[in-house]
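Here's the structure, in C-alpha cells; my notes come after.
No lab work stands behind these numbers, since they all come straight from the coordinates. Predicted model, so just to flag it, every value in this text is computed and none were measured. Note that we place each Cβ from the backbone using ideal geometry, even for glycine, and neighbour counts take in every protein chain shown.
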C-alpha cells in the first residue's frame, strides 16, 4: 500500500489532507515541519511526499534539496502543496525536482487526492518490469 507523507506545519490543513487520503484507504503520516519530515523519511521512506514550502526549522525547498542529495530519498516523488502562488516559487520547486506544484487555495482536498493518485499510478507503472521480448523468427 502506498504511504503518503504530508509535511505541513498547519495542523488544520494537515488533518484535512490526512482525512482525505485516509478516506481513499491510503496510509498517511504527518510531520509538523521540514526537519521532522526529513527525519521521518530517513527512517520510513514514503511512497510520495506532499510538502509545504513555508515551515519552521527547515522550509520545503530546503527539504526538497536535501532529499535530492540523499541517494535513499532522491527517487521519492515530491508534490509541493503550498499557498505560495508566485511563479518563481513553482519554478524553483520544479527545478529542484518536485514532480508537481499545487496551490492549496486553487484545489479542494478531493482534487489533491486525485492528483496524488494519478502520480502514484504513473510511478507504479514505471516499476512494472517489461515483458520479455519474443525471439525473432
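Between the helical axis of 11-23 and the dominant principal axis of the chain, each derived from Cα atoms, what acute angle in degrees is found, rounded to the nearest 10? The answer is roughly 30 degrees. Spread over its residues, the convex hull of the C-alpha atoms of the chain is 138 Å³ per residue.
Between helix 87-96 and the chain there is an angle of about 50 degrees, using the helix long axis and the longest principal axis of the Cα atoms. Tilt of helix 109-127 relative to the longest C-alpha principal axis of the chain, in degrees (0 to 90, nearest 10)? Tilt relative to the chain: about 30 degrees. The helix-based estimate of mean residue ellipticity at 222 nm for the chain, built from -39,500 (n - 2.57) per DSSP H run of four or more residues and divided by its residue count, is -14000 deg cm²/dmol to the nearest 500. With contacts taken as Cα pairs under 8 Å at a separation of at least 6 residues, the chain carries a relative contact order of 21 percent.
So, R0 is 25 Å and r is the distance between the beta-carbons of residue 19 and residue 43; what FRET efficiency does that work out to, to 0.05?
Efficiency computed from Cβ-Cβ geometry: 0.55.
Cα extents for the range 1-82 along the principal axes, largest to smallest and rounded to whole angstrom: 33, 27, 18.
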